[in-house]
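This report concerns only the one structure given below.
The values are calculated or read from the model by the stated rules, or taken from the named source; none is laboratory data. Just so it is clear, the structure is predicted and the values come from calculations on it, not from any experiment. Methodologically, a virtual Cβ is constructed for each residue, glycine included, from the backbone with ideal geometry; neighbour enumeration extends over all protein chains shown.
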């Protein structure tokens, strides 16, 4: 469904197809208390011009996956114990540090949830954007400033020229997030990873920022990986969704399929447990219990202690992520039953 | 007609802004809450929604008597709280309790769960005489769905959702009539949030509690509230039953706020029209003259800069709205549950 082979109007000269592939990635944190298996075989990909939402609750491994992709995971305590991260087919985990550095910013860029701590408080916002042009593109100071102002203008910061020399604390939360988007897009990356970009913002500002991200993505035909826990935001912007639980992808599907007929009991539970503004609900259905301790993940399916459908087989065999139809996959022994029920 | 358990009249809370270190002078005021009136009826949940900086948390602090209002009254069962004697105030504090947002910082990490939940009994020994306290705490743990045998554990041994249950148990210890919930579920994951919301509903039904439920998540507020007040820059702009606010909003700010909430249904993507607000919320130190929303409002006329719109029922509407041009507009496509 989301194989958008023709590059859009703005994406001139961009190769189409698989941009970034994460393949059976495994990461663990070795701490004094023991080994936490944070990522246990995560596979996903993003194509040019497409939005992949990675959906999960805290501790599901969605941010750690992104940090590993960007090469900003703290090592130690983090250790990559297996798998590949391929950008244009080339494994980034075995590259030299210099090669990786070239991809960062120009190939793959990232924006973070907390813009106040992601921006450096002792430099002006303009300097932090212009710096990239000077270091990576070797432009003159004046040219870098001109381009930084253009970037601020593109993310619709009013009076970009005057705002260039403001410090981060002089910006409101929404404006800071815009500045961070400007910074991440300065080197025209092919993939943008947005880690909870609107979680700290109010709803009206959230709508502005999501609009802006969508617009810039269409213009540039970027692949966008949106990491979030918000099922509402995902429904608005995603093309495909990967649902994570305990360091695994438990379901992957087209956005319409996932909301209409979830193929994993965890996804179903999540959809049932959110209050909806357009429905005066009865009592909310909940997912019982708690997510597993990553130092001691239960045998079999990691969701089995909380699953209303669990059978003996679920406690014995880890269900692999299997295709169950066009463009969708589920890691549940009973995925077929779940999708085919009424 | 149910009785009003709490009446709030023209409540104002201003914080001075000072300049200078030795010779401090007041150069202005942050008008955090600026003329707020509402009633809380016995047994109901009143939702208070608004974005950051609208004054909803200051409101909760004044309702708790943690802050003295600059002007206006909080009337509990016909008695003005400001005029109470110290002893009467102490008895009042039993009746109004608070559940806080962050379950990680609101519990003392050096106290056991038993001490945390039992601490209110030390201040109000008449509620539970010394010998009976551990038993009472165990009952409370059971009531909020925690294992009573965990009474000797410390907060770090619990997850976020469980800690919020501890916070709720502590608020319930003195058998209050009113609980002010200030963003009680916004720090929790989706699957845990539903558990805590269901618990709050269950407790209300069993104990006949009245809630003031303060939150920024409009879906959560609709789910739990009987009536809803929408705040913007220290004022209530619209108040009504949950149906009135969500299905027939008349204030432009309410309409914009509702339209911006993402609905978890991709099939509504095309049909949804988001009202886009430009700019940021003005500073509460020098709010705009007249209607405070006029700088971001698409309906603004000259009159909006001159006259402060009163919160009143206007022709063609069934609930109070503080807009000169209040008009019904359907925002949320309603699905029968």
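Any residue at all in the range A:129-136 that is touching a helix residue (DSSP H, G or I) at 6+ places or on another chain (Cβ under 7 Å), surrounded by fewer than 20 Cβ atoms within 10 Å (Cβ to Cβ) and over 25 Å from residue B:281 (Cα atoms)?
Yes, some residue in the range A:129-136 is touching a helix residue (DSSP H, G or I) at 6+ places or on another chain (Cβ under 7 Å), surrounded by fewer than 20 Cβ atoms within 10 Å (Cβ to Cβ) and over 25 Å from residue B:281 (Cα atoms).
Name the one entry in A:126, A:105 that is modelled with pLDDT of 90 or more and under 23 Å from residue A:176 (Cα atoms).
A:126
Of B:163, B:153, B:170, all but one fail to be within 14 Å of chain A (Cβ to nearest Cβ) and at pLDDT 85 or above; the exception is B:163. Among the residues of the range B:268-285, are any crowded, with 16+ Cβ neighbours inside 10 Å and farther than 26 Å from residue A:210 by Cβ? Yes - at least one qualifying residue is present in the range B:268-285. In the range A:308-331, what residues are touching a strand residue (DSSP E or B) at 6+ places or on another chain (Cβ under 8 Å), assigned to a loop (DSSP other than H, G, I, E, B) and within 14 Å of residue A:261 (Cα to Cα)? Scanning the range A:308-331 gives A:324, A:327, A:328.
So that you can scan it fast, the table gives a plain yes or no per residue for (1) in contact with a helix residue (DSSP H, G or I) (Cβ under 9 Å, 6 or more places away or on another chain); (2) farther than 26 Å from residue B:259 by Cβ; (3) away from chain A (no Cβ under 12 Å):
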{"position": "B:178", "(1), (2), (3)": "yes, yes, yes"}
{"position": "B:201", "(1), (2), (3)": "yes, yes, no"}
{"position": "B:214", "(1), (2), (3)": "yes, no, yes"}
{"position": "B:224", "(1), (2), (3)": "yes, no, no"}
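If the condition is being assigned to a helix (DSSP H, G or I) and surrounded by fewer than 19 Cβ atoms within 10 Å (Cβ to Cβ), then the range B:94-113 contributes B:94, B:95.
Tell me, which strands (runs of 3 or more DSSP E) wholly within the range A:33-104 include 2 or more residues that are more than 16 Å from the chain's Cα centre (by Cα)?
In the range A:33-104, the matching strands (runs of 3 or more DSSP E) lie at A:34-47, A:78-87.
Looking at the range B:12-47, which of its residues are in contact with a helix residue (DSSP H, G or I) (Cβ under 8 Å, 6 or more places away or on another chain), assigned to a strand (DSSP E or B) and more than 21 Å from residue B:308 (Cα to Cα)? Outline the logic, then answer.
Just the residues of the range B:12-47 that are in contact with a helix residue (DSSP H, G or I) (Cβ under 8 Å, 6 or more places away or on another chain), to begin with: B:13, B:32-33, B:36, B:43, B:45, B:47.
Retained after the next criterion (residues that are assigned to a strand (DSSP E or B)): B:13, B:32-33, B:36, B:45, B:47.
Once the filter is applied, which keeps residues that are in contact with a helix residue (DSSP H, G or I) (Cβ under 8 Å, 6 or more places away or on another chain), assigned to a strand (DSSP E or B) and more than 21 Å from residue B:308 (Cα to Cα), the range B:12-47 yields B:45, B:47.
Taking each residue of the range A:263-278 that is under 21 Å from residue B:272 (Cβ atoms) and looking for partners that are at pLDDT 90 or above and not in a helix (DSSP H, G or I) with beta-carbon atoms closer than 7 Å, six or more apart or interchain, yields A:271/A:262. Within the range B:257-276, at least one residue is in contact (Cβ under 8 Å) with a residue 40 or more places away in the chain, in a helix (DSSP H, G or I), within 13 Å of chain A (Cβ to nearest Cβ) and within 20 Å of the chain's Cα centre (by Cα). Which condition does residue B:283 not pass, out of (1) free of Cβ contacts under 8 Å to residues at least 40 places away in the same chain; (2) within 14 Å of chain A (Cβ to nearest Cβ); (3) in contact with a strand residue (DSSP E or B) (Cβ under 6 Å, 6 or more places away or on another chain), if it passes all the others? Condition (3) is where residue B:283 drops out.
Condition check ((1) within 15 Å of the chain's Cα centre (by Cα); (2) surrounded by fewer than 22 Cβ atoms within 10 Å (Cβ to Cβ)) across all residues:
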position	(1), (2)
A:229	yes, yes
A:239	yes, yes
A:246	no, no
A:252	yes, no
A:256	no, yes
A:259	no, yes
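Within the set B:219, B:210, the sole residue that is surrounded by 19 or more Cβ atoms within 10 Å (Cβ to Cβ), away from chain A (no Cβ under 13 Å), in contact (Cβ under 8 Å) with a residue 40 or more places away in the chain and in contact with a helix residue (DSSP H, G or I) (Cβ under 9 Å, 6 or more places away or on another chain) turns out to be B:210. The lone criterion from (1) touching a residue at least 12 places away in the same chain (Cβ under 8 Å); (2) more than 8 Å from chain A (Cβ to nearest Cβ); (3) more than 24 Å from residue B:224 (Cα to Cα) left unmet by residue B:315 is number (1). Check the range B:104-126 and report whether any residue there is within 26 Å of the chain's Cα centre (by Cα), within 13 Å of chain A (Cβ to nearest Cβ) and either farther than 19 Å from residue B:225 by Cβ or modelled with pLDDT of 90 or more (or both). Yes, the range B:104-126 contains a residue that is within 26 Å of the chain's Cα centre (by Cα), within 13 Å of chain A (Cβ to nearest Cβ) and either farther than 19 Å from residue B:225 by Cβ or modelled with pLDDT of 90 or more (or both). Could you say whether any residue in the range B:148-157 is buried (at least 19 other Cβ atoms within 10 Å of the Cβ) and touching a strand residue (DSSP E or B) at 6+ places or on another chain (Cβ under 7 Å)? Looking through the range B:148-157, none of the residues is buried (at least 19 other Cβ atoms within 10 Å of the Cβ) and touching a strand residue (DSSP E or B) at 6+ places or on another chain (Cβ under 7 Å). Residues in the range A:105-128 that are in a loop (DSSP other than H, G, I, E, B) and out of contact with any strand residue (DSSP E or B) (no Cβ under 7 Å at 6 or more places or on another chain) were compared, and the one that is surrounded by the fewest Cβ atoms within 10 Å (Cβ to Cβ) is A:122.
In the condition set (1) under 25 Å from residue B:220 (Cα atoms); (2) at pLDDT 90 or above, residue B:71 is compliant with all but (1). Going residue by residue through the range B:236-252, is there one that turns out to be more than 9 Å from chain A (Cβ to nearest Cβ), under 16 Å from residue B:60 (Cβ atoms) and surrounded by 19 or more Cβ atoms within 10 Å (Cβ to Cβ)? Yes, the range B:236-252 contains at least one residue that is more than 9 Å from chain A (Cβ to nearest Cβ), under 16 Å from residue B:60 (Cβ atoms) and surrounded by 19 or more Cβ atoms within 10 Å (Cβ to Cβ).
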